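Peer 1: First the structure, which I've put down as structure tokens, then a few questions once you've had a look.
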Amino acid sequence: MRLELDPNPTPAKILGLYALFLGLALLLLGGVFLAYGVSPLRAYALLLSPLGDTLGLAEVARRTIPLLLIGAGLSLAFRVGFFNIGAEGQLLLGAVGAAYVALFLPPGPWTLPLMFLLGGALGALWVGLAAWLRVRFGASEILTTLMQNYLAYYLVVYLVAGPWKGQFVFGFLYTDRFPQEAQLPRLGDTLVHWPTLLLGVGAALLLQVLLFRTPLGFAWRILGENPAAARYLGLKGGRLLLVAALVSGFLAGLAGVGEVAGIHLRLLEPAQISLGYGFTAILAAWLARGRPLLVLLTAPLLGVILAGGDALKLSLSMPFRVVDVVAGLFLLALIGAEALSRHRLIWRR
Amino acid sequence: MLKLENITKRFGPVVANRRVSLEVGRGEVLALLGENGAGKTTLVSILYGLYAPDEGRILLEGREVRVPSPKAAQRLGIALVPQHPELIEAHTVAENLALGLDLPPFFSRRALEGRLRELLKDHPLGVALEAPVARLSAGEKQRVELLRALLSRPKVLILDEPTSVLTPKEAQELFQEIRRLQALGLAVIFISHKLDEVLAIADRIAVLRGGEKVGELSRKEADKETLVRMMVGRSVAPLPKVPPPREEVVLEVEDLVVPRHGFPVQGVSFALRAGEVLGVAGVAGSGQSELVEALAGLRPYRGSVRFLGQPLPKDPARLYALGVAHIPEERAMGVVGGMSVAENLALRTFRAYAPKGLLDYRAMEREARALIEGYRIKTPSPRTPVRFLSGGNVQKVILARELKGGPRLLLAMHPTYGVDVGAAEEVHGRILELVRQGAAVLLVSEDLDEILALSHRVAALYHGRLVGPIPREAASREALGRMMAEGRA
């Protein structure tokens, strides 16, 4: 048995392999549930339960919002060859920016737009540092952005425990509640802060057009797929990379603004602001294969998994991190299917 | 000794080999001749255990064998010298050879060298065992690959395009070595697309075309014309005469110095007139890439370079706009595989398709269609990703894009490397047409015939220094070989 390259797989083969591997993931997942003493069928049903009612769908939507914003930006950054692993930190910086505007500037109709602007700018600035180090000194952005996550994390901890700690919060580590002007409108009783959702959809559409219909996107695609060709053509690689990185950081910052202004209404401990959206969004971007438009599909998909994991946790009192197991198995399955669809298996010796 | 029967190999809808049968006996040299894409490499890969054949049998000394992996091939006594040496540069010759041996987990350097000398006692070494591979010439590296192949005491030795990295003199030495091995009783399979070599070394010649064996001749029956006709399926027209150059000087290079790792390119001076082709030969790594990259704005340099009387800018995008086209050394540098043929044809000029901010793909594809037709690029559609095209067609895409603006200077590096005879002929035709229109061409190539056929003057790079240029009439293959190998005209 051996593998040979198959440069041109048929759609049927690709679909079949994806189905096969997803089935395999479900099977393995069943094993995990069994080991935990839960009927796999019941668990599968719970996993999909958010799709069954409006409340569940709202939960999915609320988790989709940050995944969509960050995923769209990351799909661009990855395509251009900037491996931003620090969206989580950029999201937190966005939350900090939002909190600053909400807590320390006089409230007014300009408050929300200003929060998004400053939040996005701080997110961009945060990744901009890593991008500059990469362009100027060749420092691996995978390491720098990853490490910056911790810096951002402890910056937020410091702020909520120190200078920004609320006056009316007793021993809790968070700021005072944002004023009315700094709160995003939501859909009915749900936690769906729709302005941010619109921003996310808009970002995915805009980036898709930018990437595939403009000269800037053309240059980005050249640089991302073949840096040697970009050099040969005399494209300004450093500048192109920097812009793509800044866009991804800006969008992650917006996601952070949405979380604090739309859901928590205050700046609180980083682990509560984001449930690892910055990391889950990497999957959304990876699955979208460098097409921002496809993030409109992959972000809700991961949103279902996150919301379903929440349901598992609540109904079966499984630990919340079971979500990671679910997401991880599905991702492995998708990667496996992808890799195998580009090869053919020869059984004969 | 070794016999292939009706080997067929398909890759999806593409048939790489169709019912190919070959036989090579003890002490015989069989040449496998064919253009790129004729199926030579696939056949070798099957023989060496990299691919499994879909149909057909392999017989070794009369027994049917299976070759599931390169390791199995070596055990069976089939050894391969790859086209490009696959050695670990930072290690010594002995250490590289050790990779092919079964060794205890710890061993001393002296024990290893002793063992190697004993195993290779029938063969002249030709290189120092303790020398680091990085310091060897291309020919010496190939020698190491050959020694490594001989370590497994093979019965069948496969040489894949062995002369593509060698100077003519080194090639002669390789041929002597092949004769010696032949006398020891090895069966040798010699793969090439160069007719002269094949005629010089082979006992029998099998010609592949389009994956099929189109004929087999003994050395006595074979002559150049027959072989070309078999390879290409038609006879190839000789190149048209190049008109003499004009007076106007296009490029003036004085005392050019290009720093680089190892020895720099230095003291290079020449002038290039309109309608003139200057051919530059050289052993791989003598500074050709550095020279071309410097002029193309990809590498810093010192010295005076003037283009049409003005200092030459150092930015590739500005150079193209001024009329300096560049066919890069590596095809992979000149195209973006995942982007379409139309997009690759617009790689230099894509901004012009977006006067209002959005790219006009309809205009881009319309112009692409004209170029595809004009250059006879074989592609299903302008939207096909370039990575699905064959090497020759990719090269035509690059050529079409670089020439479409009517350049005044063309920097062409290996413009027909790895391209089949038909495509090479078209590339040469295009370059000559450009020259007739008054462009200057700096042609850097490893193919001496190409240089001699196209150039008005020829030069060679030797350890970073330019030898020559001398007029084409004063140059012969032998003279060029001396310029490349010894640095004197």
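The values are calculated or read from the model by the stated rules, or taken from the named source; none is laboratory data. Please read all numbers here as calculations on a predicted model, not as lab measurements. Note that each Cβ is placed from the backbone with ideal geometry, even for glycine, and that neighbours are counted across all protein chains shown. All accessible areas refer to the heavy atoms of the entire protein, side chains included, with ligands and DNA or RNA removed. Shrake-Rupley method; radii C 1.70, N 1.55, O 1.52, S 1.80 Å.
Peer 1: Restricting the search to region B:48-91, which residues are farther than 30 Å from B:Arg135 by Cα, more than 14 Å from chain A (Cβ to nearest Cβ), open to solvent by 70 Å² or more (accessible area, probe 1.4 Å) and part of a loop (DSSP other than H, G, I, E, B)?
Peer 2: Correct list: B:Glu61 only.
Peer 1: Sort through B:Glu130, B:Glu118 and tell me the only one that's closer than 29 Å to B:Leu2 by Cβ, open to solvent by 20 Å² or more (accessible area, probe 1.4 Å) and outside the structural domain of B:Met484 (by TED's automatic domain parsing).
Peer 2: Working: B:Glu130 fails: closer than 29 Å to B:Leu2 by Cβ.
Among B:Glu130, B:Glu118, only B:Glu118 is closer than 29 Å to B:Leu2 by Cβ, open to solvent by 20 Å² or more (accessible area, probe 1.4 Å) and outside the structural domain of B:Met484 (by TED's automatic domain parsing).
Peer 1: Any residue at all in region A:253-270 that is touching a residue at least 40 places away in the same chain (Cβ under 8 Å), more than 27 Å from A:Leu302 (Cα to Cα), more than 14 Å from chain B (Cβ to nearest Cβ) and open to solvent by 40 Å² or more (accessible area, probe 1.4 Å)?
Peer 2: no
Peer 1: Follow-up question, since we're still on this one. Looking at (1) in the same structural domain as A:Ile273 (by TED's automatic domain parsing); (2) closer than 26 Å to A:Ile305 by Cα; (3) aliphatic (A, V, I, L, M), can you tell me which one A:Leu28 breaks?
Peer 2: Only one criterion in (1) in the same structural domain as A:Ile273 (by TED's automatic domain parsing); (2) closer than 26 Å to A:Ile305 by Cα; (3) aliphatic (A, V, I, L, M) is unmet by A:Leu28, namely (1).
Peer 1: Of (1) closer than 20 Å to B:Val283 by Cα; (2) in contact (Cβ under 8 Å) with a residue 12 or more places away in the chain, B:Gln182 satisfies all except one. Which?
Peer 2: Condition (1) is where B:Gln182 drops out.
Peer 1: Scan region B:294-301 and tell me whether some residue there is in contact (Cβ under 8 Å) with a residue 60 or more places away in the chain and more than 29 Å from the chain's Cα centre (by Cα). Walk me through how you get there before you give the answer.
Peer 2: Quick first cut of region B:294-301, residues in contact (Cβ under 8 Å) with a residue 60 or more places away in the chain only: B:295-296.
Within this subset, residues satisfying the condition of being more than 29 Å from the chain's Cα centre (by Cα) are none.
Looking through region B:294-301, none of the residues is in contact (Cβ under 8 Å) with a residue 60 or more places away in the chain and more than 29 Å from the chain's Cα centre (by Cα).
Peer 1: Let me ask another. State whether one or more residues within region B:260-269 are in a strand (DSSP E or B), assigned by TED's automatic domain parsing to the domain that holds B:Arg477 and open to solvent by less than 10 Å² (accessible area, probe 1.4 Å). Write out each step before concluding.
Peer 2: Filtering region B:260-269 for residues in a strand (DSSP E or B) gives B:265-269.
From the residues that got through so far, the ones that are assigned by TED's automatic domain parsing to the domain that holds B:Arg477 too are B:265-269.
When the remaining residues are screened for being open to solvent by less than 10 Å² (accessible area, probe 1.4 Å), the result is B:265, B:268.
Yes, because at least one residue in region B:260-269 is in a strand (DSSP E or B), assigned by TED's automatic domain parsing to the domain that holds B:Arg477 and open to solvent by less than 10 Å² (accessible area, probe 1.4 Å).
Peer 1: Which condition number does B:Ile398 fail, the rest of (1) of a type in the set (A, V, I, L, M, F, W, C); (2) part of a helix (DSSP H, G or I); (3) within 12 Å of chain A (Cβ to nearest Cβ); (4) free of Cβ contacts under 8 Å to residues at least 24 places away in the same chain being met?
Peer 2: With (1) of a type in the set (A, V, I, L, M, F, W, C); (2) part of a helix (DSSP H, G or I); (3) within 12 Å of chain A (Cβ to nearest Cβ); (4) free of Cβ contacts under 8 Å to residues at least 24 places away in the same chain applied to B:Ile398, the lone miss is (4).
Peer 1: Here's a check for you: in region B:302-335, which residue that is open to solvent by 20 Å² or more (accessible area, probe 1.4 Å) and under 27 Å from B:Arg135 (Cα atoms) is nearest to the other protein chains (Cβ to nearest Cβ)?
Peer 2: B:Met333
Peer 1: Something else about it: Of a type outside the set (Ser, Thr, Tyr) and open to solvent by 60 Å² or more (accessible area, probe 1.4 Å): does that describe B:Leu99?
Peer 2: Working: of a type outside the set (Ser, Thr, Tyr): yes; open to solvent by 60 Å² or more (accessible area, probe 1.4 Å): yes.
Yes, satisfied.
Peer 1: Away from chain B (no Cβ under 14 Å), part of a helix (DSSP H, G or I), more than 20 Å from A:Phe137 (Cα to Cα) and not β-branched (Val, Ile, Thr): does that describe A:Leu198? Write out each step before concluding.
Peer 2: Details: away from chain B (no Cβ under 14 Å): yes; part of a helix (DSSP H, G or I): yes; more than 20 Å from A:Phe137 (Cα to Cα): yes; not β-branched (Val, Ile, Thr): yes.
So A:Leu198 passes the test.
Peer 1: Only one residue in B:Ala206, B:Ala134 is closer than 24 Å to B:Val44 by Cβ and small (Gly, Ala, Ser), so which one is that? I'd like the intermediate steps shown before the answer.
Peer 2: Numbers: B:Ala134 fails: closer than 24 Å to B:Val44 by Cβ.
Only one candidate qualifies: B:Ala206.
Peer 1: Same structure, new question: Residues that are assigned to a strand (DSSP E or B), open to solvent by less than 10 Å² (accessible area, probe 1.4 Å) and closer than 19 Å to B:Ala271 by Cα: does region B:468-483 have at least one? Walk me through it before giving the result.
Peer 2: Here is the first cut: in region B:468-483, the residues assigned to a strand (DSSP E or B) are B:468-471.
Applying the additional criterion that residues be open to solvent by less than 10 Å² (accessible area, probe 1.4 Å) yields none.
Among the residues of region B:468-483, not one is assigned to a strand (DSSP E or B), open to solvent by less than 10 Å² (accessible area, probe 1.4 Å) and closer than 19 Å to B:Ala271 by Cα, which makes the answer no.
Peer 1: Evaluate region A:31-41: report whether one residue or more is of a type in the set (Gly, Ala, Ser), in a helix (DSSP H, G or I) and within 15 Å of A:Arg342 (Cβ to Cβ). First the steps, then the outcome.
Peer 2: Going through region A:31-41, the residues of a type in the set (Gly, Ala, Ser) turn out to be A:31, A:35, A:37, A:39.
Next cut, in a helix (DSSP H, G or I) only: A:31, A:35.
Add one more test, that the residue is within 15 Å of A:Arg342 (Cβ to Cβ), and what stays is none.
No, there is no match, as no residue in region A:31-41 is of a type in the set (Gly, Ala, Ser), in a helix (DSSP H, G or I) and within 15 Å of A:Arg342 (Cβ to Cβ).
Peer 1: Still on this model: Would you confirm, using the coordinates I've provided, whether B:Arg362 is in a helix (DSSP H, G or I), over 29 Å from B:Asp315 (Cβ atoms), within 13 Å of chain A (Cβ to nearest Cβ) and open to solvent by 30 Å² or more (accessible area, probe 1.4 Å)? So that I can check it myself, show each step before the final result.
Peer 2: Numbers: in a helix (DSSP H, G or I): yes; over 29 Å from B:Asp315 (Cβ atoms): yes; within 13 Å of chain A (Cβ to nearest Cβ): yes; open to solvent by 30 Å² or more (accessible area, probe 1.4 Å): yes.
Judged against the criteria, B:Arg362 is a match.
Peer 1: Here's a check for you: in region B:336-358, which residue that is in a helix (DSSP H, G or I) and buried (at least 16 other Cβ atoms within 10 Å of the Cβ) is farthest from the other protein chains (Cβ to nearest Cβ)? It would help to see each step written out before you state the result.
Peer 2: Going through region B:336-358, the residues in a helix (DSSP H, G or I) turn out to be B:341-345, B:350-353.
Checking the rest, the ones that are also buried (at least 16 other Cβ atoms within 10 Å of the Cβ) come to B:341-345, B:350, B:353.
On the way: B:Val341: 15, B:Ala342: 12, B:Glu343: 7, B:Asn344: 9, B:Leu345: 13, B:Phe350: 5, B:Tyr353: 8 Å.
Checking each candidate, the answer is B:Val341.
Peer 1: Given the options A:Gly56, A:Gly108, A:Gly89, A:Gly94, name the one that is among the small types (Gly, Ala, Ser) and either at positive phi or not in a helix (DSSP H, G or I) (or both). Let's see the steps before the verdict.
Peer 2: Working: A:Gly56 fails: either at positive phi or not in a helix (DSSP H, G or I) (or both); A:Gly89 fails: either at positive phi or not in a helix (DSSP H, G or I) (or both); A:Gly94 fails: either at positive phi or not in a helix (DSSP H, G or I) (or both).
One residue alone meets the criteria, A:Gly108.
Peer 1: Just checking, how many residues over region B:282-301 are away from chain A (no Cβ under 14 Å) and assigned to a helix (DSSP H, G or I)? Outline the logic, then answer.
Peer 2: In the first step, residues of region B:282-301 are kept if they are away from chain A (no Cβ under 14 Å); the result is B:282-288, B:290-291, B:301.
So of that shortlist, the ones also assigned to a helix (DSSP H, G or I) come out as B:288, B:290-291.
Qualifying residue count, region B:282-301: 3.
Peer 1: Then there is this: Based on this model, can you work out whether A:Phe83 counts as assigned to a helix (DSSP H, G or I), aromatic (Phe, Trp, Tyr) and open to solvent by 10 Å² or more (accessible area, probe 1.4 Å)? Break it down stepwise before answering.
Peer 2: Details: assigned to a helix (DSSP H, G or I): no; aromatic (Phe, Trp, Tyr): yes; open to solvent by 10 Å² or more (accessible area, probe 1.4 Å): yes.
So A:Phe83 does not fit the description; no.
Peer 1: Considering every residue within region A:5-15, establish whether at least one is within 14 Å of chain B (Cβ to nearest Cβ), open to solvent by less than 40 Å² (accessible area, probe 1.4 Å) and out of contact with any Phe, Trp or Tyr (no Cβ under 6 Å at 6 or more places or on another chain).
Peer 2: yes
Peer 1: Tell me which of these A:Leu235 doesn't satisfy, since it passes every other one: (1) assigned to a helix (DSSP H, G or I); (2) within 14 Å of chain B (Cβ to nearest Cβ); (3) surrounded by fewer than 24 Cβ atoms within 10 Å (Cβ to Cβ).
Peer 2: Going through (1) assigned to a helix (DSSP H, G or I); (2) within 14 Å of chain B (Cβ to nearest Cβ); (3) surrounded by fewer than 24 Cβ atoms within 10 Å (Cβ to Cβ) one by one, A:Leu235 breaks only (1).
Peer 1: Something else about it: Can you tell me which residues in region A:239-252 are in contact (Cβ under 8 Å) with a residue 60 or more places away in the chain and more than 14 Å from chain B (Cβ to nearest Cβ)?
Peer 2: Passing the criteria: A:Leu241, A:Leu242, A:Ala244, A:Ala245, A:Leu246, A:Val247, A:Ser248, A:Gly249, A:Phe250, A:Leu251, A:Ala252.
Peer 1: So how many residues does region A:201-225 have that are facing chain B (nearest Cβ under 9 Å) and among the polar types (S, T, N, Q)?
Peer 2: The total comes to 1.
Peer 1: Mind checking which residues of region B:449-467 are over 21 Å from B:Glu276 (Cα atoms) and open to solvent by 50 Å² or more (accessible area, probe 1.4 Å)?
Peer 2: B:Tyr462, B:His463, B:Arg465
Peer 1: Let me ask something additional. Do we find a residue being in contact with a Leu (Cβ under 7 Å, 6 or more places away or on another chain) and either in the same structural domain as B:Pro168 (by TED's automatic domain parsing) or under 15 Å from B:Asn344 (Cα atoms) (or both) anywhere in region B:389-399?
Peer 2: Of all residues in region B:389-399, those in contact with a Leu (Cβ under 7 Å, 6 or more places away or on another chain) come to B:397.
Narrowing the set further to residues that are either in the same structural domain as B:Pro168 (by TED's automatic domain parsing) or under 15 Å from B:Asn344 (Cα atoms) (or both) leaves B:397.
Checked region B:389-399: at least one residue is in contact with a Leu (Cβ under 7 Å, 6 or more places away or on another chain) and either in the same structural domain as B:Pro168 (by TED's automatic domain parsing) or under 15 Å from B:Asn344 (Cα atoms) (or both).
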